[in-house]
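Colleague: Dumping the structure here so I can ask a few things about it.
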Amino acid sequence: MNKEDKLFEKILLESEKNFVELLKKEGMIAGEVFHTQREYIKRKKGVKGLNDFAKKSKELGYEIDLRKADYRGWHPIGLRPFGWLVMLRTFGWGQEELIDSGYQAPQISFIMRILAGYFVSPEVTIKRSPSYWKKHYSTGSLTVPLVDMKNRKFILRIDDFLVSPLFCIFYLGYFRKIVEFGGIKNSKIKETKCMFKGDDYHEFEIIW
């Protein structure tokens, strides 16, 4: 196991150990994110995968059944990273699958389908991204401090969002798909600042 994989496993172990505190994190998340997770698992593992997910969640201490989730309501934000933990443990998946689930999520999302008409250009798409955030989260904020089309670079910043480092990994796929909606292919994204590493906010750099 390389250094990166060891760090990821440490995040999962801490999430598993402290899941009660995770579920008590302040803030709410739109229930439709569990719809995107259900569809991702269903496409990869079929209906049996959803059964296995429900069983594993109960084993880990809190039962989540994606087949019965309220996709139109709001839920405690900690359920999102706990759901990722369950998914990864159920199928023996790692960072690659978490990033891929982030990449696939926007094209499954009800909300993003509604907003698809605004994806008219890369610049407009990325500048509107703060409005996407507000439709998904009751806490934190997303801003776009840099849009540099000439040098092919965007900067996204997330403030007041100290929930789980699993979000940071998920966003590597999620934000890449968002810029693809705007017409940018083959982008590269990295987190350059992270609140879990002592920074005041999260920052993601996107280049292409």
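Colleague: Only residues of the range 20-34 count here: report those whose backbone N is under 17 Å from the spot 7 Å along Cα→Cβ of Gln107, or say none.
Modeller: Answer for this model: none.
Colleague: May I ask you to sort Glu180, Glu59, Glu32 by Cβ crowding, counting other Cβ atoms within 10 Å and putting the fewest first? The partial results should precede the final answer.
Modeller: Details: Glu180 19, Glu59 11, Glu32 22.
The most exposed by this proxy come first: Glu59, Glu180, Glu32.
Colleague: Moving on to the next point. Just check the range 1-83 against the gyration tensor rule for me: Cα atoms, a ≥ b ≥ c as the square roots of the eigenvalues, rounded for a/c under 1.5, and otherwise prolate or oblate depending on whether a/b exceeds b/c.
Modeller: Details: a/c = 1.77, a/b = 1.21, b/c = 1.46.
Oblate.
Colleague: Among Val147, Val86, Val163, Val47, what is the fewest-to-most ranking by other Cβ atoms within 10 Å? Mind dumping the intermediate values first?
Modeller: Numbers: Val147 13, Val86 30, Val163 21, Val47 10.
By the 10 Å Cβ count, ascending, the order reads Val47, Val147, Val163, Val86.
Colleague: Next question, about the same structure. Measure out, as a whole number of angstrom, how far apart the alpha-carbon centroids of the range 5-77 and the range 175-208 sit.
Modeller: If you average the Cα positions of each part, the centres end up 23 Å apart.
Colleague: Something else now. Can you work out the FRET efficiency for the pair Val124 and Lys3, with r the C-beta to C-beta distance and R0 = 35 Å, to the nearest 0.05? Numbers along the way, then the final one.
Modeller: Working: r = 39 Å, r/R0 = 1.11.
Computed FRET efficiency for Val124 and Lys3 comes out at 0.35.
Colleague: Grab the beta carbon distance between Lys188 and Glu63, set R0 = 35 Å, and tell me the FRET efficiency rounded to 0.05.
Modeller: Numbers: r = 38 Å, r/R0 = 1.10.
The pair Lys188/Glu63 has a calculated efficiency of 0.35.
Colleague: Neighbouring Cβ atoms within 10 Å as the yardstick, rank Met195, Met87 fewest first. Could the numbers behind the result be given before it?
Modeller: On the way: Met195 18, Met87 25.
The order, fewest Cβ neighbours first, is Met195, Met87.
Colleague: Still on this model: If you keep only loop residues by DSSP, which GluC sites (Glu not before Pro) in the range 1-30 have at most 16 other Cβ atoms within 10 Å of their Cβ? Provide the component values of the computation, followed by the final result.
Modeller: Values: sites: Glu4, Glu9, Glu14, Glu16, Glu21, Glu26; in loops: Glu26.
Taking the range 1-30 and a limit of 16 other Cβ atoms within 10 Å, the loop GluC sites (Glu not before Pro) found are Glu26.
FYI, it's all coordinate maths here, none of it is from the lab. Owing to the predicted nature of the structure, the values given are computational and were not obtained by experimental measurement. Backbone-built Cβ (ideal geometry, glycine too); neighbour counts: all protein chains shown.
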